[in-house]
1. Using packing as a proxy for protection, rank A:603-615, B:275-287 so that the peptide with the highest average count of other Cβ atoms within 10 Å comes first.
2. Could you please rank A:295, B:92, placing first whichever residue has the fewest other Cβ atoms within 10 Å of its Cβ?
3. Express as a percent, rounded to the nearest 5, the fraction of DSSP beta bridges in chain A (both residues included) that run antiparallel.
4. So which of A:607/B:247; A:452/B:247; A:161/A:225; A:225/A:261; A:33/A:225 end up more than 31 Å apart by C-alpha?
5. How large is ³J(HN,Hα) for each residue in the range A:231-245, as worked out from phi by the Karplus curve 6.51 cos²θ - 1.76 cosθ + 1.60 (θ = phi - 60°), to whole Hz, x for Gly and Pro?
6. Under unit Cβ charges (Lys, Arg +1; Asp, Glu -1), what dipole magnitude, rounded to 20 debye, does the range B:77-121 have relative to its Cα centre?
7. Please list, in chain and number order, the residues 5+ apart from residue A:575 or on another chain whose amide H is under 5 Å from its amide H, with Hs placed from the backbone.
8. Where is the GNM fluctuation largest for chain B (alpha-carbon springs, 10 angstrom cutoff): B:173, B:220, B:38?
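What follows is calculated from the coordinates using simple rules that are stated; it is not laboratory data. Computed from a prediction, not measured in an experiment: that's the story for all the values here. Counting neighbours? That spans all protein chains shown, and the Cβs are built from the backbone with ideal geometry, glycine included.
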Amino acid sequence: MRVPLNWLREYIDIQLDPEQLAERLTLLGMEVKGIEAWGADWRSVVVGELLTVVRHPRADRLSLTTVDVGAGQVLEIVCGATNIAPGQRVPVALPGAVLPGGRRIERAEKMGVVSNGMLCSGDELNLTSDVDGILILPPGTPLGTELSNLYGDTVLDIDVKPNRGDALSLVGLAREVSIVTGAPVRFPEIGLVESGQPTSELLSISVEEPGLCRRFVARWLSAVKVGPAPDVVQVRLQAAGMRPISNVVDASNYVMLELGKPTHTFDAAAVHDHRLVVRRARAGERLETLDHVQRDLAVEDLVVADAAGPLAIAGIIGGASSEVSERTTAVIIESAIFDPLAIRRTGQRYALRSEASLRFEKGQEFRLARIAADRVAGLIAEWAGASVAAGRADSAAAEPGPTQVPFRPARIDRLLGTQLGPGEQRAILARAEIATEAPNGPATIPIAGEVKPLTATAGLGEALIAVIPSWRADLEIESDVAEEVARVLGYQKIPPILPHTAMPPYLDSPLGVRDLVRQTLAGAGLTEVVTAALIAPRQVEAFRSATPAGPALPGDDPAEGRPIRAVNALSSEHAVLRQQLLAGLLQVVALNLHQGREDVAIFEIGKGYGYDEASGLIREWWRLGFALTGASQPPAWNRISRPWELDDGKGLVELIADRLGFAPPAWTRLVGEPVFHPGRSASGASEGALVGRVGELHPALRATEDLRAERIVIGEFALRGLAGGSPTVANIVPIARYPAIERDLAVVVGQDRTAGEVERTIRSAGGGLLRGVRLFDIYTGPPLGADEHSLAYRLIFQASDRTLTDAEIETTLAAIRAGLAREAGGRIRA
Amino acid sequence: MDLTSLSSELHRLRDAALASVAAARSSATLELLDVEVLGKKGSLTAVLRGIGSLPPDDRPRVGAVANEVRASIEAALAERRATLRVAELADRLATEAVDVTTPGRPIGRGALHPIIETMGRIAEIFGRFGFIVHEGPEVEDDLTNFQMLNIAPDHPARDLWDTLYVDVPGHLLRTHTSPLQIRVMQAHRPPIRALLPGRVFRYEAVDASHASEFFQVEGLMVDEGTTMGDLRGLLDEFSRAMFGHDKRTRFRPGYYPFTEPSVAFDVECLVCAGSGCPACSRTGWMTILGAGMVHPVVLQHGGLDPERYQGFAFGMGVERIANLRHGVGDLRLYTENDLRFLEQFR
Ligand SMILES: [Zn+2]
């Protein structure tokens, strides 16, 4: 809420400077978001007095004026307005002045006459809404004074929290200032002179939905002369961010800002039979609202109607037909209390949130319906010369007394960690106009109000009763009182200590394994990225797996279910929850390639999401994804860089498996996954620990994903522990004390036999003495057949209890050769 | 052959050998010489073969001469060998010299994302105070995200969270990490010290200071005697650990439906050190998190008796903390993943 300090001073004396006041209010919970010097944008606008006004010799619409701008300086200024006369004091923009909106005023020639500045209208200064006439200042306004010194103000922008609707008003904020300074609040004086026919004879009201309209107060004004509100009022409204409209409407808005109570004014002539009914809208009813939009009303909407139909959507917006206009002579004031939820729903349905509906949504003080009706009537009488009919129409004139909240001072001290005791707490509450009294018996303490109401009984002497001011609807339970005590005391006075209560039992952090993987990959040269979980539907489809990647790992959700869509997404690029990480990673690759970068090596640890309609379960599973393109290591002057290849991708996965203590993954050819190069992609799995795919991106996707790179290696893996759990603990075996013996073996097999198959055969035939198998060469070409290749391995043999003999090794090698011949059709090269 | 001629033969051989040793320019020549003179088929052996033709009485005398000759040649060889080894090492060192001013061979190293790192740092700090990390679903139900946190449907405070809804009935993308408070209380009995990090979502147009996806860390501590004083003390420690010991903090009222009393926690502006600047809206303070004592209704939904248990919760935006720590001014940098940005966090 925008709070002009000069207006606020109407209700309380303030000695603090604006910065001090802002800080004190912020510490009280009324956060000041900004301090604006309002009027600071009138530069070089001063008060002048018109000396002469004559018609421009060559233009009927223009006047030539001479203006005294103080210190004996007289300027000739050409002016187009017709409301000026010698002797008036007016705002003068001097050459060089800058007006709101950045408009610059210079010396200029107008129809052959030089104009040394400009006389300003209220609209040009953003002071009033008068567009046509020059703003005529009061006669005593000091000559030559900068206008900002007269009308400028300091405006605090205060963030009033949703539970403090009462403070969306100047009076409410004056009460907060009073808590800070102790100065008394001056509630506006409602000097109402009633005359003539009583209201009850002039209008009648009927509330058909008392559940949605707890109170409806109306007043009747006659002999209304609609015109502009006094300048000072217009200036205040402008400073508070509201546009002045007319004295009648401004009176309503003024009171809304002053008391926080929205009211509505009807042209009485437009109300059939002068009878207002509060009811729900009927099917098929329409209303042209003040913004000249024809609206089809919903049967849930609450309306204020007459016999002919709806006149206003209650609490939201008035109708055009009953709008107060220049022809209006009689006005009906509506000051009602509508149901906050109903107002909120209707406001959302029409996407209409006004200053008024905002206040209705936060609830209204019951007695304000009466006070605001009187206050608006009084102001219209003063500003528009109206007569106020005697009495009000009021649907619920009986006003309830203050509510009481019993509380235990000891419990509040226990919650806050203070030792205030009852005496000090009473004194603190009194500063917020909360009276306290001692109950004369056991008290029922409200602990929780909603859903499952809970109370406690406090014995004699344990409790006090807080008598809540009628405007403080936010104080309902004991902990509300605790907050009020803390807030008025000042949170800064709560002594800081460190927890010394019992500790919870140990649990592994789910971040543990993720951090190991992250550190390992960063050490291997990859940079971590974080991409959006919401991606484009196109990306979800393009990267959908043809076949499930494998069973879920322990502790994680299975990757299953249909994609989950955000129904109110702001952008189609971020509308569906991802099911894999690759689309986002490739987007990052594309962005960086576009920056002219060639080498990109990135990874992300993140979730995929799915909804399994059959089971009704929402699934969220963790994955590691990576993308590699360009050089795998930085080039040096004596080293040529090497591109990232499929084997690097596999190597990274093997590195992580090793780091996490998993068995090395077995690689098999990946088929039927359109995202991957069909000849250069693999499935990798390590039972119960790791499963996923790695490969080159299918070249066809380079175009659709806008990737300017020849080859990109991508991979996505599920790893045990990403979702939580502890890293595998290394289980140490004794270091072998007998020598290892190496033998090289080259086997020729058909090219349809993969290295993976050959290695598996070697390992199974080699038995326990074979401790290591390392592929060191693959050869194709003469003298081998066209469809053959030779795989060369270094085999390591070792026993833990003896030095192996040549004979033992030869036996094992023979078994390997036989196995290769039998299972892979291989022959051994000499 | 007689004694005299054999002796003179030996002396000649010695003189020639010593001359050759002295003239040798490399260890290899020297080793060759060693074999030629002293080897089994060497010249000394050849001369000594003549010893058999001498009378037995002369033989020891020639033997003595021969030993003397062998010893002197061996000594000369050893000395020359040592000299040459030093010279040769010096030569090798000279030829192996390189330009030591060339740049070192770069070793590729990646960077870790500042948001995940900051989240980890927050978890580490609170971990020192016994807080344990728990995680939960990002696709959350309305009940846990709002209603159990004392935010009824149509509650005006719902305006504080612009919500993205999903096509699973009753569900939404969690707007904050606060629903994890409920989940932790339902799953674990007090004493509870929980740290709840994760991704959250908002229905929000993206610009420099707004994101539709970002990360939060929630904290929850509940037992029988946790006070607002504990909350203040702990947050002060957090600020010291994260922003430095010299930064002042401010503990002031805030508003959340799920805490009562509610707290906003500020740290002295890191840009202007409290004197007021555009970064802190000229207040000298930056709000880094919201907090408060867990509302009794929330304790009830967590299955705890609000008369027995009490505690606090706090929540912070990870991007905000990272912004302050690293001087980042635009949230989009975190999600764009431009490597020129990310690689600065190495
Ligand atoms: Zn600052």
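1. Values: A:603-615: 19.2, B:275-287: 16.8.
Result, highest mean first: A:603-615, B:275-287.
2. Listing A:295, B:92 from fewest to most nearby Cβ atoms yields B:92, A:295.
3. Given both bridge residues lie in chain A, the antiparallel proportion sits at roughly 95 percent.
4. Violating the 31 Å limit, Cα to Cα: A:607/B:247; A:452/B:247; A:161/A:225; A:33/A:225.
5. Calculated HN-Hα couplings, in order: 3, 4, 5, 4, 4, 4, 4, 4, 5, 7, x, 10, 8, x, 10 Hz.
6. So the dipole magnitude of the range B:77-121 works out to roughly 160 debye.
7. Under 5 Å from the amide H of residue A:575 lie the amide H atoms of A:535, A:536, each far enough along the sequence or on another chain.
8. B:38
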